[in-house]
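Here is the structure we will look at, set down as C-alpha cells.
Values quoted throughout were computed directly from the atomic coordinates according to the rules given, and no laboratory measurement underlies them. None of these values were measured; they are calculated from a predicted model. Reconstructed Cβ throughout: ideal geometry from the backbone, glycine too, with neighbour counts over all protein chains shown.
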Amino acid sequence: MKRFLTVCLLSIVLSGCGDSFSPDGISGTYELTFVNGSAMPASVTVTDGGLSAQITFESGTLTLRGDGTYLFSLRSEITIGTATVTDTETDSGTFALQEPATIRITSSQDQEMGSGSVNGGTLTFIDDGITLVFEK
C-alpha cells in the first residue's frame, strides 16, 4: 500500500499552476481538496494482487519550492477486512519544468520519476484510476 501511495505522487498530471513557467512561478503549498471528485475526507476502494482495501484520504500537502525541490505528505486511513491503520506518507525530491507546460518529478527516496502538465493553480494527480486534486 505504501508503494501505491508513493506512485500516486510520481504519476502526476498537473493541471494548474502559476503564470510563469519556472519553479518560482508555481512554488507554494497545495492542499489536497478532492479525491475522485469527492471533497475531503474521501474514500476509495483499491484492489492490488487480489487484496481489497479501503483508503480514506484525510489530508495531504504538496509544497513546490522555488529552488526546484518538493515536499509531499499524505495522511490516510487504510482498512483491509477488519484491520485499520493510519498511515502518513512523506516524500521529497526535485522537479523540473520543461516546455511546453510539462513538469518532471524525481523522488529522492527511490529515484522514480513522474511527469505531468502545468497550467493554473490546481494540481491533479492520477494513478490507477484515483484522482487527487490539490489546490493552492
* Given the Cα-Cα distance of residue 31 and residue 135 and 0.36 nm per residue of separation, how much length would full extension add, in nm? -> 36.9 nm
* **10 Å beta-carbon shell around residue 74, net charge (K/R +1, D/E -1)** => -3
* Please list the non-local residues whose amide H lies under 5 Å from the amide H of residue 131, H modeled 1.01 Å from N, same-chain partners needing a gap of 5 or more. => 36
* Spacing of the two label points (7 Å from each Cα toward its C-beta) at residue 63 and residue 51, in nm -> 3.2
